Amino acid sequence: MRQSPPTTSLANIVIRDAVASDIPAILALYDAGRVDGAAATPSDPAHPGCRAAFELIAADPNQRLLVALLDHQIVATVQISFIPGLARDGMLRGLLESVHVRADLRGHGIGSHLVNRAVAICRERGCGLVQLTSNKNRRDAHRFYRALGFEQSHEGFKLFIDPAAPAGNPQ
């Protein structure tokens with residue numbers, strides 16, 4: 001049963017780095033935001049892969065996993081990856097992934113507050129570009145990102161691979 005939304009004043013929002021005990025709440029946000037039909041199989045926060053992934057993110061200085069709390073509840077999340085590259089004279093890029101806001105709190109400024117904080121972190125790290133991808137079916141998310149100043153400039157592609165498959169065979 002969904003709780004009633006807490007009072008949504010941005011002054012009450014706390015943004016911090018995620019800790020391991022946040023994994024179940026983060027995965028619940030991911031599951032609730034899925035549009036690819038995979039939501040029928042919820043993520044298992046007890047799966048060892050989730051803890052291992054979290055530990056890799058937490059230990060990597062080029063990764064930040066942030067959560068936004070409202071009245072001590074995790075209501076939004078974003079992962080930032082800092083990507084060095086040779087293009088554009090070695091410009092550092094910030095990649096925002098897994099931007100999710102609890103559905104009943106969308107439109108209250110929480111997502112804007114969180115993404116703007118992520119962009120500020122990228123700026124502080126010296127990034128010259130912040131980029132993200134969004135599922136083509138998430139039209140409201142696209143309007144949200146455009147309102148924040150992001151431009152739709154590229155087409156994205158994905159290739160899911162089996163890590164156990166022999167090298168040279170992506171299937």
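The values are calculated or read from the model by the stated rules, or taken from the named source; none is laboratory data. Quick caveat, the model's predicted, so the values are computed rather than measured. We place every Cβ from the backbone using ideal geometry, glycine too, and count neighbours over all the protein chains shown. For accessibility, only protein heavy atoms count, side chains too; no ligands or nucleic acids. Shrake-Rupley method; radii C 1.70, N 1.55, O 1.52, S 1.80 Å.
Report, by residue number, each residue of segment 63-87 that is out of contact with any Leu (no Cβ under 9 Å at 6 or more places or on another chain), more than 14 Å from Ala118 (Cα to Cα) and either open to solvent by less than 40 Å² (accessible area, probe 1.4 Å) or of a type outside the set (D, E, K, R) (or both).
Within segment 63-87, Leu69, His72, Gln73, Leu86, Ala87 meet the criteria.
Give the residue that is farthest from Val75 (Cα to Cα), with candidates limited to residues of segment 88-124 that are surrounded by fewer than 15 Cβ atoms within 10 Å (Cβ to Cβ) and touching a Gly at 6+ places or on another chain (Cβ under 8 Å).
Result: Arg88.
Quick one: which residue in Ala59, Ala52 is over 29 Å from Ser9 (Cα atoms), open to solvent by 60 Å² or more (accessible area, probe 1.4 Å) and among the small types (Gly, Ala, Ser)?
From the options Ala59, Ala52, the qualifying one is Ala59.
Give segment 127-159 a look and list any residue that's under 10 Å from Gly94 (Cα atoms) and touching a Phe, Trp or Tyr at 6+ places or on another chain (Cβ under 9 Å), or say none.
Cys127, Val130, Gln131, Leu132
If I filter segment 131-171 down to residues being of a type in the set (Lys, Arg) and modelled with pLDDT of 90 or more, which single residue comes out as farthest from Gly33 (Cα to Cα)?
Restricting to residues being of a type in the set (Lys, Arg) and modelled with pLDDT of 90 or more, the top hit is Arg146.
Filter segment 93-133 for residues that are more than 16 Å from Ala28 (Cβ to Cβ), touching a strand residue (DSSP E or B) at 6+ places or on another chain (Cβ under 8 Å) and among the small types (Gly, Ala, Ser) and give the result.
Once the filter is applied, which keeps residues that are more than 16 Å from Ala28 (Cβ to Cβ), touching a strand residue (DSSP E or B) at 6+ places or on another chain (Cβ under 8 Å) and among the small types (Gly, Ala, Ser), segment 93-133 yields Gly94, Gly111, Ala118, Gly126, Gly128.
Looking at (1) in contact (Cβ under 8 Å) with a residue 12 or more places away in the chain; (2) part of a loop (DSSP other than H, G, I, E, B); (3) open to solvent by 40 Å² or more (accessible area, probe 1.4 Å); (4) not aromatic (Phe, Trp, Tyr), can you tell me which one Ser43 breaks?
Against the list (1) in contact (Cβ under 8 Å) with a residue 12 or more places away in the chain; (2) part of a loop (DSSP other than H, G, I, E, B); (3) open to solvent by 40 Å² or more (accessible area, probe 1.4 Å); (4) not aromatic (Phe, Trp, Tyr), Ser43 comes up short only on (3).
Just give me the residues in segment 134-147 being of a type outside the set (Lys, Arg), surrounded by fewer than 13 Cβ atoms within 10 Å (Cβ to Cβ) and closer than 22 Å to Tyr30 by Cβ, in sequence order.
Passing the criteria: Asn137, Asp140.
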